[in-house]
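These notes concern the structure reproduced below.
The values are calculated or read from the model by the stated rules, or taken from the named source; none is laboratory data. In this text, all values refer to a predicted model and were calculated from it rather than measured experimentally. Positions of Cβ are backbone-derived with ideal geometry, glycine not excepted, and every protein chain shown enters the neighbour counts. Note: areas computed on protein heavy atoms with side chains; ligands, DNA, RNA excluded. Shrake-Rupley method; radii C 1.70, N 1.55, O 1.52, S 1.80 Å.
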Amino acid sequence: MHQDIQPGTSRLRPWFLLGSLSLLQFLIAVDVTVVNIALPSIGADFGVGPRQLTWVVVGYTVAGGGLLMFGGRLGDLLGRRRVLLTGAAVFGAASLLAGLAPTYPLLIAARMLQGVGEALALPAAMAAIVLTFPEGPRRTRALSVWAAVASTGLVLGFVLSGVITELFGWRWIFLISVPFVVLVLVAVTVLVPAEPPRERTPLDLPGSALLTLTPLLLVFGIIEGGEGGGSPWLSAAALAGALIAGVAFVRVERRASDPVIPPSFFRNRTRVLANIATALLSGALSTSFLLLTFQLQQREGLTPFAAGLALLPLAVVLVAAATFVPRVAGRWGARTCAVLGIGLTAAGLVAIPVGSGVAGTIPAMVLIAAGMGFGLVGLQYAAVSGVTGDDAGVASGIQRASDQLGGSAGVTLYVGIGFAPALAGFDPFVVSCTLATAGLVAAGLVAWRIRDH
């Protein structure tokens, strides 16, 4: 029986719960993009360059993406309320640590800890919403609110980053979340009923660890190898470790009784292609956001506040796309939306190094935002095609992980090579955009093979 129709339960209680969990979703979504405008200020305070600063972005998404499916399984085993409270508390504590971090390594550790909190909290929060609202119009409305809040958080992160960094300093982009997380903890304690632990199949701890370790070693190896003072041996060891961990993950999953990624997932061609294309598109999108941030502040000389305002066209178009695309996706089909979005993103990447002045970046922003709206929605539809009650959670978790891990790997690879000292004679923006565009060509070819159902 659903919580909102239990005897004696207030009719408003489910909506208070939705509001509280949506606030947590908003804070987590904001933290994905809120660091972008603040990156130059963070780099200036700690004396690190653009390549090292990619850790501020990818540390959060790699840890969160790698542990996302594990967090969902943990909620099933230990109880969603308990895991939701733990994840929110970890996220809040990590936000406080990031805001007070005295050194750059501690800031990166705090960002990764934020990702752990996200991986624990979001699957449990999503499950709580689904179980609170009965199937039908009320659940559809609740999930629409949940998705809209996530998109709004991603968009407002750009603007809030500039405003907060300019007025209060970059540390407050993390500290401002802490009191709101406390509110969420109180609301969840009151509104989400306790549930006893349930006996389930064992957790795939080795698979979860290897799924997180592989992208972390890959990111570290690329960044270490690209730094002028970095150790080539350490870089090679990290890259070799990433390869070994990736191979070991495949072997472990084949033998696990309850793998993180069930083998049946790979038998669905549409879902596999959609997730590959999602990872490639997300890598290019994350690269474009980072490059636009540095172009506005380092090349155009804008303050963080002015740079945040300059990104408003990106925010406006993204909100418009998020509203428009779901209305036409059913008629056009997932493949058409995905390929169109990938093409628009590629055009936007080409426009980044071409544009000069603040006005010259607007075409790139518009194209990239529209591409994100069409591409990710189309691929999300394809990634959950044909799901049932038995595999909907797995399919959604894999799609979210593909988005986050693809974005992390892409921005590290494209920006890492573009700003490498060995290529000092080339324009790093042109190199990074060219590499990301090549990745989008591959994404388009993959998405074209998706079959609409």
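Relative to the current alpha-carbon distance between ALA93 and PHE324, full extension at 0.36 nm per residue lengthens the span by 79.5 nm.
For a paramagnetic label modelled on ASN268 (point 7 Å from Cα along Cα→Cβ), amide N atoms under 14 Å away belong, within the stretch 352-379, to 379.
Does a label point 7 Å from the Cα of LEU100, set along Cα-to-beta-carbon, have any residues of the stretch 55-93 with amide nitrogen under 14 Å, and which are they? Residues 92-93 fall inside that zone. Working from label points 7 Å from Cα in the Cα-to-Cβ sense, the ARG13 to ARG451 distance is 4.7 nm. Taking Cα centroids, how far is the stretch 334-373 from the stretch 79-110 in Å? Each part's Cα centre sits 34 Å from the other's.
Subtracting the Cα-Cα distance of ASP45 and LEU167 from their residue separation scaled by 0.36 nm leaves 42.3 nm.
Rounded to the nearest 0.05, what FRET efficiency do PHE180 and VAL316 give with R0 = 35 Å and r taken as the Cβ-Cβ distance? Could you check?
In this case the efficiency is close to 0.90.
VAL58 contributes an accessible area of around 0 Å² to the protein surface, as traced by a 1.4 Å probe with all chains present. Computed extension length for ALA236-ARG331: 29.4 nm, one decimal, from 0.36 nm per residue of separation with the Cα-Cα distance subtracted.
Top to bottom by accessible area (1.4 Å), largest first, where do PHE91, PHE220 land?
Largest to smallest exposure gives the sequence PHE220, PHE91.
Charged neighbours of ALA187, selected by a Cβ distance under 13 Å, balance to +2 (K, R count +1; D, E count -1).
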